[in-house]
């Protein structure tokens, strides 16, 4: 079920990534983030692709560091046989959280434009705060992948 109470038709659509970071799945995004059923497939795919590119840009140095350490594909390096493989599996989970939360943060404000009921007014007022929350979740996952804490302070 989505926010509207309508059943969500899961869309089996893979989004190919750059070969290093894992490919993404629209249905996984729909299930994990409980995306409203009213969203068109094209909107979901476009939002996921945009979020993926943004997160990939944010993590360019992390990717370079891992590649320099001999990891050509995070998906291939992930597994359950050793603590190192577990760490790579965790990086995949953090990566997907970063992308999916960012995509949801970008798509939530559009929900108010989809609903045409009286409740849409309230939804529209609350959407910016919810969108900011999911964008913050995304940024927290990016910072974790970068080896940074939630807050950074510097003297200038």
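Working from label points 7 Å from Cα in the Cα-to-Cβ sense, the residue 9 to residue 76 distance is 3.8 nm.
Put in order of Cβ neighbour count within 10 Å, fewest first, the listed residues 108, 94 become 94, 108. In percent, rounded to a whole number, the relative contact order of the stretch 24-116 is 37, using alpha-carbon pairs under 8 Å and six or more apart.
Computed extension length for residue 93-residue 64: 8.6 nm, one decimal, from 0.36 nm per residue of separation with the Cα-Cα distance subtracted.
Every number here is computed from the coordinates shown, using simple stated rules; none is lab data. Owing to the predicted nature of the structure, the values given are computational and were not obtained by experimental measurement. Ideal geometry is used to build each Cβ from the backbone, glycine not excepted, and the neighbour counts take in all protein chains shown.
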